[in-house]
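No lab work stands behind these numbers, since they all come straight from the coordinates. Just so it is clear, the structure is predicted and the values come from calculations on it, not from any experiment. Cβ atoms come from the backbone with ideal geometry, glycine included; neighbour counts cover every protein chain shown.
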Amino acid sequence: MTDEDLDRVMVIEQEAFALPWSRESYLSELKNNFAAYLVCDVEGEVAGYGGIWVVFEQAHITNVAISQDYRLRGLGHSLMLELEKVARQKKANHILLEVRPSNLAARTMYKKLGFVDMSIRKAYYSDNNEDAIVMIKYLF
C-alpha cells in the first residue's frame, strides 16, 4: 500500500467497517516499521487491502477488507495468504486477529486458513459493544 492507494482504500474502509480508520491513521501506519499493508489489485484498481503488525514472534492482523464489488472471488483468502507470508518472512511464530462473532463469512474463511478460536474480548467493538473472537494460527 502506498499513499496513492489511500483514496480507494478509504472508500472500501467506509463500506467494510462500522468503525473505519481515518486517512491519518493509514498514513501513520505506512510509516510504522512493525507494520505491512498490502493491496489487492485487480486490473489496476484497488479491490481490497490488509494489514499486519509483526513484533518479535507475534504477528497481528490489523484489518482485511475487500470491496463489495469484488467479494466472493477468493481475494480475501489470497490476501490473507500474502499477509501470512509477511509474518513468516519476519520470523513470527503465530498470527492473531480479532473478528466479530456476527461476521460469519470472515470467521469461515479464517478457519479454512487454519485459524482457531483462542479467546473472547468482551464488548470489544465500541459501535455496538459486540464481543470479539480472538483467533490464532501457529506458523511452525
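Tabulated results
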quantity: Hydrodynamic radius of the chain per Kirkwood, over alpha carbon pairs, in Å; calculated: 15.4 Å
quantity: Among the listed pairs Lys91/Lys112; Lys31/Lys122; Lys31/Lys111; Lys91/Lys122; Lys90/Lys112; Lys31/Lys90, those beyond 19 Å (Cα-Cα); calculated: Lys91/Lys112; Lys31/Lys122; Lys31/Lys111; Lys91/Lys122; Lys90/Lys112
quantity: For Glu57, Glu43, Glu130, Glu4, order by how many other beta-carbon atoms lie within 10 Å, fewest first; calculated: Glu43, Glu4, Glu57, Glu130
quantity: Calculated [θ] (222 nm, deg cm²/dmol) that DSSP helices of n ≥ 4 give over the chain, each run adding -39,500 (n - 2.57); calculated: -9000 deg cm²/dmol
quantity: Point-charge dipole on Cβ atoms (K/R +1, D/E -1) for the chain, about Cα centre, debye to 20; calculated: 760 debye
quantity: Under-5 Å amide H pairs with Asn63, H placed in peptide plane, nonlocal only; calculated: Gly51
